[in-house]
Amino acid sequence: MATETITSTMTGEEMIALSKKHTLFEWSAQAKVDPIPVARAKGIYFWTPEGKRFIDFNSQLMCVNIGHGDERVIRAVQQQVETLAYANPFMATEPRARLGAKLAEIAPGDIDVFFFTNGGAEANENAIKLARLATGRHKILARYRSYHGATAGSMMLTGDPRRWASEPGMPGVVHVLDPYHGLEGGWESAEQSLAMLEEIIQLEGPHTIAAFILESVSGTNGVLVPPDGYMQGVRRLCDKHGILMICDEVMAGFGRTGEWFAINHWNVVPDLITMAKGLTSAYVQLGAVGMRRAVADHFRDNVFYGGLTYNSHPLACAAALASIQVYEEDRLLENARRMGKLMSDLMTDLALRHPSIGAARSIGLFGLIELTRDRAKKTPLAPFNGTSDERSRSSCARKGSTRSSDGTRSSRIRRCASPRTSCAKDLESSTARSTSRTRPCSKVRGAVGVTNQSAIGDCEAAAAVTSQSRNR
């Protein structure tokens, strides 16, 4: 079998060719994948091997919250490798002990027991396992316009079209409507949405429902910030019917919204909380499920039927501790709140000047614009789970992008989830480029250029950041 000769320093073309030949890219038809080659990163920037610089205004997959290459986290991981690179999860280690205690300090309310996983999807898988075991019930409520991961169980929790290819899957999941119904339908009030939720609980049988899992702020389906009163109402309904409330904070947690966890904005304490991404700022992969003492106490005398080889991995726990220290030392939550106000103003101004922006919303440094073909009629730029000619012809479209589009993301929404280290100059510069690089696109003029602040990690939106790139 012929083998490729790999040079000590690869070119971008070599990276792409070998990666496409020997690896699978997620959520993509492989023949149409067109990845950006990445050689190094520092702060809010990353570079190709040829020296082209990009502003990483989406924190990669909404996870490098403290920015790239922070020496404090790098040193912590190096020191842990030298001391203890791995211990099996039946053992106790200092990083595991310290991280559990630290998370108990910053988690909402009385959440003070944690099970560590390899990432967010596994955290959600184990959250529903814990809920079913603790309650003896089997049904799980989840919402449409949600994403909870791509493993078998978490995929069934997901409420967007990415789930369809995996069906039928894990039984027992019941999807309910979100307060948001797209540009056309708009928002329901908290009272209306809660009435619908309670009716479904009654129809399904409260005694059969173990938990209700929901993103505190829905991420890839539109940065959907719930109306005031909604989360408090969900908490009351769960208490009334003995249902455990699970908040998925995988994307929204660790300062993205200006709080350690987004649910804190509504002063609600869930029974279980899941986290990943910003937990280590993606320097090493790690997820976790946090639980209140009442849930944890069930497993004092009852076996928890779950486990992972890399549960509580020392390197990941060390990276998480160091990352949390960076949040605190650099006051990044305060910065997210302060810069979030500026980003909101800039997005509002952009929406006023561009008729193809149908909505702009944000919370902290977690923001989004929703594109429309006709603002007055509230006609989306792309249909649900589809794309459009305007999108394909836009100056920001990236050839070969085939990322699944559900109509509430990709083709018609664009996210900005910048690192917590972003400053006013970064935000203003990016918005200025968004405006200056826009061009007419059929009936849709200009506003597609705001995708300059969109997802690096989103295959369909990846080209957006190329318009921010500069040679160096």
**Asked** Relative contact order (percent) for region 71-329, with alpha-carbon contacts under 8 angstrom and 6 or more residues of separation?
**Response** 30 percent
**Peptides ranked, highest mean first, by Cβ atoms within 10 Å: ranges 292-298, 201-207** = 292-298, 201-207
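First obtain the Kirkwood hydrodynamic radius of region 71-329 from its Cα pairs, then insert it into the Stokes-Einstein equation at 25 °C and 0.890 mPa s, and state the resulting D in µm² per second as a whole number. List each step's numbers first, then the result.
Values: Rh = 18.6 Å.
It diffuses with D of about 132 µm²/s by this estimate.
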**Message:** As an exercise, identify the chymotrypsin sites (Phe, Trp or Tyr not before Pro) in region 1-99 lying in DSSP coil whose Cβ has no more than 10 other Cβ atoms within 10 Å.
**Reply:** F90
**Asked** So which chymotrypsin sites (Phe, Trp or Tyr not before Pro) in region 295-330 pass both tests, a DSSP loop state and at most 13 other Cβ atoms within 10 Å of the Cβ?
**Response** Y305
**Message:** With 10 angstrom as the radius, rank C317, C247 by how many other C-beta atoms surround their C-beta, starting from the fewest.
**Reply:** C317, C247
**Asked** Could you give the length gained on full extension between A150 and A85, defined as 0.36 nm per residue of separation minus the Cα-Cα distance, in nm?
**Response** 20.6 nm
**Message:** Counting each pair of different Cα atoms once, what's the Kirkwood radius of region 251-350 in Å, rounded to one decimal?
**Reply:** 15.6 Å
**Request:** Add +1 for every Lys or Arg and -1 for every Asp or Glu among the other residues with Cβ under 11 Å from the Cβ of A276, and state the total.
**Result:** -2
**Request:** Compare the peptides 124-135, 159-170 by average per-residue count of other Cβ atoms within 10 angstrom and give them in order, highest first.
**Result:** 124-135, 159-170
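Taking 2.2 N^0.38 Å as the expected size of a compact globular protein, what ratio does the Cα radius of gyration of region 134-196 give against it, to two decimals?
1.25
Bear in mind that the values in this text are calculations on the coordinates, not laboratory data. What you are looking at is a predicted structure, and each value in this text was computed from that prediction instead of being measured. As a convention, Cβ positions derive from the backbone with ideal geometry for all residues, glycine included, and neighbour counts pool all protein chains shown.
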